[in-house]
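Structure record follows, encoded as structure tokens.
The values are calculated or read from the model by the stated rules, or taken from the named source; none is laboratory data. Computed from a prediction, not measured in an experiment: that's the story for all the values here. Note that we place each Cβ from the backbone using ideal geometry, even for glycine, and neighbour counts take in every protein chain shown.
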Amino acid sequence: MTTVAIMGMQWGDEGKGKITHLLSEQAVHIARAQGGNNAGHTVVDRGQEYRFHLIPSGILFPHTKCYIGGGTVIDPASLLEETLGLVKHGVQYVNRLYISPYAHLILPYHRLIDQLAEKQKGGSAVGTTGRGIGPCYADKANRCGLRIADLLSESFPDRLKATLELKNRELQGLYGHEPLALEPILTEYRGYAKRLAPLVGPVEEMLYRAGKKGERILFEGAQGALLDNTFGTYPFVTSSCTLAGGVCSGLGVGPSAIAQVLGVAKVYTTRVGNGPFPTELSGEEMALFPDHRASREIGTTTGRKRRMGWLDIPLLRHTAMLNGVTHLALMKLDILDQLDEVKICVGYKHLNHFPPTVEELAQVHPIYETLPGWKTSTQNVQVYNELPSQAKKIIRRIEELCELPVALISVGPDREKTIWLEPFFQ
Ligand code: GDP
Ligand code: IMO
Ligand code: MG
């Protein structure tokens, strides 16, 4: 097994960053296929915390090479800030981090339109990260986007001028916003072009050659399956393909390049942003998780408190199908340590498929199984057999209900707080 796609199975923030960092110790290449700086991936390594938005979480190991694929959208200011963060931590990234020229460029009008559109939607807002992701992907689909390749080309000023005329009409007509001036954007982006140029490389070819040589490649997913632009809880979704299929279209690799799909899921569910959430905790139940900071359920990108709910098996079965998941990574078991009882939603009343509309999903009645808790810390457990028997029962129940093997269980943010059931890359 030489390639693994690490995919979020819920609404994002499952712990993909931790798993990618963990597996990257044994890998050579780590690539992001989609999304932008809406993502926030946290890595904790021997007590030191790192946050990534666009740079793959494998960058911390000096032997790795990391790639930002053609299917991503890049906000240069944010990416350059991330590179400065690496330097601050003594991580050298030159000749290790490569950007595809096909990636699209986030421009100031994308951020502005994202925020203005959300405001205009009022009560039906998506709750986006406000990073301009949706408007940038919309321009890509509408064939009026600008790419990294365009940023580096001599025709960039002309292209930007033409696009900005279009965007200014949108800003004024739809949102009553004053037009943006060309020159300051040009000057700002010329500066970015100079700084980004040394990082731009033939990502697609590099990955192809690595695959031919049988070198280990990780594909780091961003967001989660239910934020997928096609199969997620539309319209409360992001604007890219967040499924394993998106790895192929976003990196220019064929489906045969993905050997294993590791589906990352918390042993409960969270969601940040708006939209239906069948197993969301009631106000009373929220008292079971009193401290969002302690349970690390505050958004990495926007600092919003994540909505919390019980594990939803119909959801996981659905997203395992959409991703072709081969193994599960079960995250954050330790967060349930002190509960008297743990609930798992095992089905939706009178429904045997995952509903395609948010109206239907908002009305499902979850059927719960209640299992006794274990009331003891799992944070220092290193091998499966040492887990409390009630915790093991829940894990086996999840495997049975999802019809998938659990490859690893995570019991803390640090890389070392991981219990392996099936070796990956070993
Ligand atoms: P991602 O977007 O999927 O990479 O996930 P995030 O990094 O946004 O959110 C997951 C949060 O949970 C981060 O703060 C992680 O450090 C933390 N985390 C990951 N795994 C565990 C775990 O097993 N236990 C605990 N307590 N925290 C974890
Ligand atoms: P990671 O990779 C959780 C959510 C936003 C909003 C919706 C659309 O850390 O798991 P967008 O700005 O993408 O147009 O917002 O998607 N969202 C995420 N939620 N984790 C993420 O990334 C997310 N990226 C976007 O909150 O509901
Ligand atoms: Mg996150």
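Here are some notes:
A quick yes/no check of all residues on (1) crowded, with 17+ Cβ neighbours inside 10 Å; (2) in contact (Cβ under 8 Å) with a residue 12 or more places away in the chain:
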residue: Gln92; (1), (2): no, yes
residue: Leu105; (1), (2): yes, yes
residue: Pro108; (1), (2): yes, yes
residue: Leu112; (1), (2): yes, yes
residue: Leu116; (1), (2): yes, yes
residue: Lys121; (1), (2): no, no
residue: Ala125; (1), (2): no, yes
residue: Thr129; (1), (2): yes, yes
residue: Pro135; (1), (2): yes, yes
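Residues are listed down the side, and each one gets a yes or a no for (1) farther than 30 Å from Gln26 by Cα; (2) touching a residue at least 24 places away in the same chain (Cβ under 8 Å); (3) assigned by TED's automatic domain parsing to the domain that holds Ser57; (4) more than 20 Å from the chain's Cα centre (by Cα):
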| position | (1), (2), (3), (4) |
| --- | --- |
| Leu171 | yes, yes, no, yes |
| His177 | yes, yes, no, yes |
| Thr187 | yes, no, no, yes |
| Glu205 | no, no, yes, yes |
| Phe219 | no, yes, yes, no |
| Phe231 | yes, yes, yes, no |
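- Residues being within 14 Å of ligand 1 (Cβ to nearest atom), within 19 Å of the chain's Cα centre (by Cα), more than 30 Å from Gln115 (Cβ to Cβ) and surrounded by fewer than 18 Cβ atoms within 10 Å (Cβ to Cβ) - total across the range 284-341: 0
- Selection over the range 215-247 of residues that are more than 13 Å from ligand 2 (Cβ to nearest atom) and either charged (D, E, K, R) or modelled with pLDDT under 95 (or both) gives a count of 2.
- Considering each residue of the range 236-258 in turn, none proves to be assigned by TED's automatic domain parsing to the domain that holds Leu401 and within 14 Å of the chain's Cα centre (by Cα).
- Residue within the range 307-319 that is in a loop (DSSP other than H, G, I, E, B) and either in contact with a helix residue (DSSP H, G or I) (Cβ under 9 Å, 6 or more places away or on another chain) or away from ligand 2 (no atom under 16 Å from the Cβ) (or both) present: no
- Criterion: closer than 24 Å to Lys213 by Cα and either among the β-branched types (Val, Ile, Thr) or assigned by TED's automatic domain parsing to the domain that holds Pro108 (or both) - qualifying residue of Thr2, Thr42: Thr2
- Qualifying residue in the range 213-227 (condition: touching a strand residue (DSSP E or B) at 6+ places or on another chain (Cβ under 8 Å), surrounded by fewer than 21 Cβ atoms within 10 Å (Cβ to Cβ), in a loop (DSSP other than H, G, I, E, B) and among the acidic types (Asp, Glu)): yes
- If only residues of the range 342-365 that are assigned to a strand (DSSP E or B) and of a type outside the set (Val, Ile, Thr) are counted, the one that is farthest from ligand 1 (Cβ to nearest atom) is Leu351.
- Test: residue in the range 167-181 that is under 18 Å from Asp75 (Cβ atoms) and more than 16 Å from ligand 1 (Cβ to nearest atom): yes
- Residues that are part of a loop (DSSP other than H, G, I, E, B) and within 12 Å of Ile74 (Cα to Cα), drawn from the range 115-144: Arg131, Gly132
- Number of the exception - Thr301 against (1) touching a strand residue (DSSP E or B) at 6+ places or on another chain (Cβ under 8 Å); (2) within 12 Å of ligand 3 (Cβ to nearest atom): (1)
- Scanning the range 5-20 for residues that are part of a loop (DSSP other than H, G, I, E, B) and within 12 Å of ligand 3 (Cβ to nearest atom) returns Gln10, Trp11, Gly12, Asp13, Glu14, Gly15.
- Some residue of the range 242-261 being of a type in the set (A, V, I, L, M, F, W, C), surrounded by 24 or more Cβ atoms within 10 Å (Cβ to Cβ) and under 18 Å from Ala141 (Cβ atoms): yes
- Any pair with Cβ under 6 angstrom, 6 or more apart, that starts in the range 156-168 at a residue that is assigned by TED's automatic domain parsing to the domain that holds Pro184 and farther than 15 Å from Ile113 by Cβ and ends at one that is surrounded by fewer than 18 Cβ atoms within 10 Å (Cβ to Cβ) and of a type outside the set (Asp, Glu): Pro157/Leu186; Lys161/Leu182
Every residue, every condition in (1) touching a Pro at 6+ places or on another chain (Cβ under 6 Å); (2) within 16 Å of ligand 3 (Cβ to nearest atom); (3) not hydroxyl-bearing (Ser, Thr, Tyr), yes or no:
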residue: Glu215; (1), (2), (3): no, no, yes
residue: Gln223; (1), (2), (3): no, yes, yes
residue: Leu226; (1), (2), (3): no, yes, yes
residue: Thr238; (1), (2), (3): no, yes, no
residue: Cys241; (1), (2), (3): no, no, yes
residue: Ala244; (1), (2), (3): no, no, yes
residue: Ser256; (1), (2), (3): no, no, no
residue: Val272; (1), (2), (3): no, yes, yes
residue: Pro276; (1), (2), (3): no, no, yes
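Residue-wise test of (1) under 23 Å from the mean Cα position of the chain (by Cα); (2) under 19 Å from Gly40 (Cα atoms).
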| residue | (1), (2) |
| --- | --- |
| Lys88 | no, yes |
| Arg96 | yes, no |
| Lys167 | no, no |
| Glu183 | no, no |
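- So Ile409, is it among the β-branched types (Val, Ile, Thr) and in contact with a strand residue (DSSP E or B) (Cβ under 6 Å, 6 or more places away or on another chain): yes
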